Amino acid sequence: MHAAIDSILAQTLQDFELIIADNASTTATADICKEYARRDARIRYFRHPSNIGGPAQLQYLVGPARGRYFKWASGNDICEPTMLERCVGVRIADPSRALLRGATD
């Protein structure tokens, strides 16, 4: 989880919010996320009292988002530093693109 959050915070495009919704994890997720949120004002942390499942979790995350674009990531996703910048650049260059994703190996 640390590596995933660190990779998002290290993006070359820095104007974003990171919304973390803890789906009632039984690990140290809450403590880890609260510490990150204390250190970085771009992070907003929410915790569900019980596991609401994957689809409901994704739907929930869209609700508090205030940005123009939305990118979903899991606690295991490691993003290249230019990922957000490149995706936003493609979207701006071609507004007909409604969905962008990072390349996979």
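Table for the structure above
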{"item": "Of all residues making up segment 46-77, the number that are outside any helix (DSSP H, G or I) and either free of Cβ contacts under 8 Å to residues at least 60 places away in the same chain or surrounded by 12 or more Cβ atoms within 10 Å (Cβ to Cβ) (or both)", "result": "21"}
{"item": "Segment 33-45 - residue that is more than 28 Å from ILE92 (Cα to Cα) and within 14 Å of the chain's Cα centre (by Cα) and, of those, surrounded by the most Cβ atoms within 10 Å (Cβ to Cβ)", "result": "CYS33"}
{"item": "Pairs, first touching a residue at least 60 places away in the same chain (Cβ under 8 Å) in segment 16-28, second in a loop (DSSP other than H, G, I, E, B), C-beta under 7 Å, six or more apart", "result": "PHE16/ARG42; PHE16/GLY67"}
{"item": "Residues that are over 17 Å from PHE70 (Cα atoms), open to solvent by 50 Å² or more (accessible area, probe 1.4 Å), touching a helix residue (DSSP H, G or I) at 6+ places or on another chain (Cβ under 9 Å) and not in a helix (DSSP H, G or I), drawn from segment 1-32", "result": "MET1"}
{"item": "Residue in segment 86-104 that is open to solvent by less than 80 Å² (accessible area, probe 1.4 Å), in contact with a Ser or Thr (Cβ under 8 Å, 6 or more places away or on another chain) and modelled with pLDDT of 90 or more present", "result": "no"}
{"item": "Subset of segment 46-69 [among the β-branched types (Val, Ile, Thr) and under 11 Å from the mean Cα position of the chain (by Cα)]", "result": "VAL62"}
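The values are calculated or read from the model by the stated rules, or taken from the named source; none is laboratory data. The shown structure was predicted, so the numbers you read here are calculated from the model rather than taken from an experiment. Counting neighbours? That spans all protein chains shown, and the Cβs are built from the backbone with ideal geometry, glycine included. Side chains included, ligands, DNA and RNA excluded: accessible areas come from the protein's heavy atoms. Shrake-Rupley method; radii C 1.70, N 1.55, O 1.52, S 1.80 Å.
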